[in-house]
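Here is the structure we will look at, set down as structure tokens.
The values are calculated or read from the model by the stated rules, or taken from the named source; none is laboratory data. On a predicted model such as this, the values are computed, not experimentally measured, just so you know. Cβ atoms come from the backbone with ideal geometry, glycine included; neighbour counts cover every protein chain shown. Please note that ligands, DNA and RNA were not included when accessible areas were found on the heavy atoms of the full protein model with its side chains. Shrake-Rupley method; radii C 1.70, N 1.55, O 1.52, S 1.80 Å.
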Amino acid sequence: MSEKKKCLTAKQYLSQLEMIDVFINQDLERLSEMKNSATCIGSFDYSKERVQTSSTGDRLCADVARYVDFNQHINGEIDRFVNAKNQIIEEIRELRNVDYMNVLFKVYVQFKNLKATAAEMNRSYNCIIEVHKKALIAFEELHKNLTYLC
């Protein structure tokens, strides 16, 4: 018999958005490096007689092809992120408790910490910690068997 996948906690499930966002930002940095590498042309030594043609053009074509493929990959990641974000927002809204919805939205969709959330909601930090704990419990009770989004 096969074992069931271990379900995620509400915090693990909701934290996936920030992780996906980090991956996309890292990939965008890599894409920028690829662009710089592809557009950086080396120098030529014109003092020597050239007998053989250079493979610089072939390398440039390969670099551009890798850049375009990776850019398409990132666009796919962004689409998955937007879909996951919309899904999580809808699931948060199903809680039907304004405080719970506000705290979870600010922390897991807008990626704000609990102190910033407390300040924005004009509540004490300790109050927001309690609301956050209760909101996570309510989320888990409402949404059973939470798994990875992507």
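Some observations on this one:
- Output for the stretch 84-100, where each listed residue is among the aliphatic types (A, V, I, L, M), under 22 Å from Thr147 (Cβ atoms) and either modelled with pLDDT under 95 or assigned to a helix (DSSP H, G or I) (or both): Ala84, Ile88, Ile89, Ile92
- Being surrounded by fewer than 16 Cβ atoms within 10 Å (Cβ to Cβ), within 23 Å of the chain's Cα centre (by Cα), assigned to a helix (DSSP H, G or I) and not β-branched (Val, Ile, Thr) is not true of Asp58.
- Asn126 out of contact with any helix residue (DSSP H, G or I) (no Cβ under 8 Å at 6 or more places or on another chain) and on the phi > 0 side of the Ramachandran plot: no
- Taken as a whole, the stretch 36-49 holds no residue that is modelled with pLDDT under 80, part of a loop (DSSP other than H, G, I, E, B), aliphatic (A, V, I, L, M) and under 30 Å from Lys144 (Cα atoms).
- Members of the stretch 118-127 found to be touching a Phe, Trp or Tyr at 6+ places or on another chain (Cβ under 9 Å) and either surrounded by fewer than 20 Cβ atoms within 10 Å (Cβ to Cβ) or of a type outside the set (Gly, Ala, Ser) (or both), listed by number: Ala119
- The number of residues in the stretch 72-103 that are surrounded by 14 or more Cβ atoms within 10 Å (Cβ to Cβ), free of Cβ contacts under 8 Å to residues at least 60 places away in the same chain and closer than 30 Å to Lys35 by Cβ comes to 3.
- Of the residues Lys106, Lys112, the single one that is buried (at least 16 other Cβ atoms within 10 Å of the Cβ), among the basic types (Lys, Arg), outside any helix (DSSP H, G or I) and in contact with a helix residue (DSSP H, G or I) (Cβ under 8 Å, 6 or more places away or on another chain) is Lys112.
- Looking across the stretch 128-150, the residues that are of a type outside the set (Ser, Thr, Tyr) and open to solvent by 50 Å² or more (accessible area, probe 1.4 Å) come down to Glu130, Lys133, Lys134, Ile137, Glu140, Glu141, Leu142, Lys144, Asn145, Cys150.
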